[in-house]
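This report concerns only the one structure given below.
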Amino acid sequence: MEKAELDSLLQVVENPVRRSIIKRLSREPAYALQLSKELGLGQPLVAKHLQAMESAGLVATTIESSPRGPDRKKYSLAKGITITLDLGPNLFIERGATFHERPEKSRRAGKASVFMKQIQSAQAEEEDRRLSLISEILSSIDARMQEIEEERSELLEVRNLAMEKAVDAAGRFEESDVRRVLFHVLDEHDRAVESISNALNLRELSVRAILGELQKYLD
């Protein structure tokens, strides 16, 4: 996901009212008046937030005719998104990605593939049995995701320690621009002169010289 799109999405979800609307729409589509009643919010406020979310591409609308009055807009979430923000004294990672309706060939093998097969098998069961099986699958998925989150937290702790040691080692460089380039290379795994120049607002000539100075330490 491009940084501009991630920034736009972060601006949307930072608002707690919008998050409550998103949570409700994650269950099923709804009308603005329906959202207003269920969430205990004024309809003009709900409409304002829905418009902002639609502009950001997070919410989609369909027009439905009503037998008792004018046509109505029905709102639903437009896509699946995951946003990760990790920060600490020696840590800052922000990432966004979409996962809704990924092509079959792009899915990785492993546990996700196993769960997908289980869901497909559940669909073939009798309706009375189907919900029970899906509930079991959801519990297994959530348990697996919790395991991954715990392992990820441990890795972040180790990564933070590694960056702390890198900060100590960077103390040998007196020029702040040298340290900035070094931290960019370590954080982003990026040694392209142009992208470093754009990211740090440094002249390409300066970046090239600094990379030459750092080469013996990084190779």
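Summary of values
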read-out	value
Pick from region 42-74, criterion hydroxyl-bearing (Ser, Thr, Tyr) and in contact (Cβ under 8 Å) with a residue 12 or more places away in the chain, ranking: surrounded by the fewest Cβ atoms within 10 Å (Cβ to Cβ)	62
Condition met for residue 18 (surrounded by 13 or more Cβ atoms within 10 Å (Cβ to Cβ) and touching a His at 6+ places or on another chain (Cβ under 8 Å))	yes
Hey, residue 129 part of a helix (DSSP H, G or I), in contact with a helix residue (DSSP H, G or I) (Cβ under 9 Å, 6 or more places away or on another chain), without any contact (Cβ under 8 Å) to a residue 12 or more places away in the chain and more than 25 Å from residue 85 (Cα to Cα) or not	yes
Residue 159 vs. criteria surrounded by 12 or more Cβ atoms within 10 Å (Cβ to Cβ) and within 26 Å of the chain's Cα centre (by Cα)	yes
Residue 95 in contact with a helix residue (DSSP H, G or I) (Cβ under 8 Å, 6 or more places away or on another chain) and outside the structural domain of residue 145 (by TED's automatic domain parsing)	yes
Residues located in region 89-119, provided they are more than 25 Å from the chain's Cα centre (by Cα) and either within 26 Å of residue 59 (Cα to Cα) or modelled with pLDDT of 85 or more (or both)	118
Selected residue (only one of 39, 35, 85, 77 is under 30 Å from residue 150 (Cβ atoms) and surrounded by 14 or more Cβ atoms within 10 Å (Cβ to Cβ))	77
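The values are calculated or read from the model by the stated rules, or taken from the named source; none is laboratory data. Bear in mind that the values here come from a model prediction, so they are computed numbers and not experimental data. FYI the Cβ positions are ideal-geometry reconstructions off the backbone, even for glycines, and counts take in every protein chain you see.
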